[in-house]
1. Grab the helices (runs of 4 or more DSSP H) fully contained in segment 261-353, keeping just those with 3 or more residues being assigned by TED's automatic domain parsing to the domain that holds residue 143 and in contact (Cβ under 8 Å) with a residue 24 or more places away in the chain.
2. Being surrounded by fewer than 20 Cβ atoms within 10 Å (Cβ to Cβ), within 20 Å of residue 423 (Cβ to Cβ) and at pLDDT below 95, is that true of even one residue in segment 233-243?
3. Go through segment 450-464 and count every residue that is in contact (Cβ under 8 Å) with a residue 40 or more places away in the chain, closer than 13 Å to residue 222 by Cα and not in a strand (DSSP E or B).
4. Restricting to segment 420-449, name every residue that is within 21 Å of residue 236 (Cα to Cα) and outside any loop (DSSP other than H, G, I, E, B).
5. Suppose we filter segment 326-348 for residues that are surrounded by fewer than 20 Cβ atoms within 10 Å (Cβ to Cβ), in contact with a strand residue (DSSP E or B) (Cβ under 7 Å, 6 or more places away or on another chain) and under 18 Å from residue 450 (Cα atoms); how many remain?
6. Within segment 138-152, which residues are within 18 Å of residue 91 (Cα to Cα), out of contact with any strand residue (DSSP E or B) (no Cβ under 7 Å at 6 or more places or on another chain) and surrounded by fewer than 21 Cβ atoms within 10 Å (Cβ to Cβ)?
7. State all residues of segment 409-419 that are in contact with a helix residue (DSSP H, G or I) (Cβ under 8 Å, 6 or more places away or on another chain) and either part of a helix (DSSP H, G or I) or farther than 16 Å from residue 317 by Cβ (or both); if no residue qualifies, say none.
8. Among the residues of segment 34-44, is there at least one that is surrounded by fewer than 18 Cβ atoms within 10 Å (Cβ to Cβ), assigned to a strand (DSSP E or B) and modelled with pLDDT under 95?
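The values are calculated or read from the model by the stated rules, or taken from the named source; none is laboratory data. This is a predicted model, so every value here is computed, not measured. Cβ placement follows ideal geometry from the backbone for every residue including glycine, while neighbour counts extend to all protein chains displayed.
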């Protein structure tokens with residue numbers, strides 16, 4: 001355990017771990033020191049010089065990202081000499097920076113903009129023409145580079161050198177001609193490439209998927225959990241409800257990683273970041289009875305008819321690892337005695353690496369296992385359907401065509417006397433059921449997921465449901481509540 005020492009910060013006596021960087025100790029004490037190059041997960045090269053502070057006894061300003069805390073240290077972060085030093089450094093960063101804030105995606109969350117308003121607001125002393133560099137360079141499938149906006153903080157190059165170790169970016173040339181460029185023969189296409197956009201403090205690296213879609217000040221942020229795999233990376237869901245005609249009409253504009261030291265650190269993979277297309281496409285919003293003819297139904301009438309079928313027995317419940325802990329608990333009660341099938345199959349298995357990505361591409365298989373639920377195999381389910389043992393087939397957010405192929409899956413589904421599909425999205429076979437029930441997507445509800453390590457993590461509601469959609473747990477409870485009426489009908 002680190003030794004605690006006391007030092008002065010702007011006249012206040014502060015206690016911190018000995019050796020902790022002044023910039024971090026100050027942040028812990030509620031003092032944010034301006035900086036560009038420093039990042040807690042990428043090191044402290046000290047090359048931007050924005051984080052300078054006045055240290056008693058030192059002959060000149062010291063960079064706080066390389067100054068450790070020690071007993072009796074006396075630090076001033078807002079003295080007049082320090083304000084002048086930061087303003088001078090900011091002007092150097094802006095010497096060749098283009099004045100294109102109105103068309104820059106970083107506008108509204110840009111370190112240059114923020115610090116200029118806080119410590120700049122000066123008349124530029126520079127009269128020479130700006131040095132022009134490359135613009136709109138597609139460095140990878142997800143990332144666009146604008147070299148003119150770059151301030152050479154080296155965050156991006158340190159990320160690909162030290163975190164992914166793929167080395168696609170580097171600082172090339174010398175002196176005032178230095179610039180970030182692709183390493184010859186490489187493109188930025190590693191599994192975590194989107195993180196370089198997150199760490200860029202200016203608009204040099206922007207997200208091609210988000211580019212020119214919506215201004216950041218129209219976005220709301222909600223704490224959530226990534227559903228891309230069983231890691232359960234902590235994320236922020238950025239939603240666009242103030243200007244829905246922007247962002248191509250999509251309500252979820254982007255996903256960003258949210259720091260959690262024990263789960264994902266500061267990062268998330270591209271699979272999770274860019275796998276948001278289904279949140280707004282092919283959504284189900286109406287309760288439909290599809291046989292003998294297609295018509296709208298009420299939740300109450302659907303629940304009563306489904307409860308009657310479940311009461312008759314011979315139930316097979318096919319579920320997805322997308323269900324929350326609350327969903328699994330409600331399902332366990334409703335489908336007691338039924339055969340359960342939720343093991344990951346080809347559509348839920350993917351690439352795993354030694355960093356964040358996990359093989360299971362769903363967030364919550366562990367939640368089912370923690371409740372003592374056990375899954376049968378889909379080969380077993382196919383045999384039971386063929387033999388007629390399955391009277392009622394209840395499928396939640398699974399596309400059986402991805403397991404058996406479209407033709408075989410359609411034929412097997414038809415073997416069941418009564419069929420229910422429940423989920424947020426249409427799929428190839430969602431019309432092959434007697435009832436189709438609209439469920440909420442995870443961004444439209446609150447709940448908990450249990451990741452592969454057994455960590456239970458909460459996610460919050462970011463959007464209102466589409467149409468008549470309800471959370472899965474609520475649907476299960478509604479059907480369970482309709483069971484007494486169904487029993488009376490069966491008895492009669």
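1. The helices (runs of 4 or more DSSP H) meeting that bar are 270-274.
2. no
3. Residues flagged as in contact (Cβ under 8 Å) with a residue 40 or more places away in the chain, closer than 13 Å to residue 222 by Cα and not in a strand (DSSP E or B) within segment 450-464 amount to 4.
4. As a first pass, look at segment 420-449 and keep what is within 21 Å of residue 236 (Cα to Cα): 424, 440-449.
Correct list: 442, 443, 444, 447, 448, 449.
5. 2
6. Let us first name the residues in segment 138-152 that are within 18 Å of residue 91 (Cα to Cα), namely 147-152.
Add one more test, that the residue is out of contact with any strand residue (DSSP E or B) (no Cβ under 7 Å at 6 or more places or on another chain), and what stays is 148-149, 151.
Once the filter is applied, which keeps residues that are within 18 Å of residue 91 (Cα to Cα), out of contact with any strand residue (DSSP E or B) (no Cβ under 7 Å at 6 or more places or on another chain) and surrounded by fewer than 21 Cβ atoms within 10 Å (Cβ to Cβ), segment 138-152 yields only 148.
7. Those that are in contact with a helix residue (DSSP H, G or I) (Cβ under 8 Å, 6 or more places away or on another chain) and either part of a helix (DSSP H, G or I) or farther than 16 Å from residue 317 by Cβ (or both): 409, 410, 412, 413, 415.
8. yes
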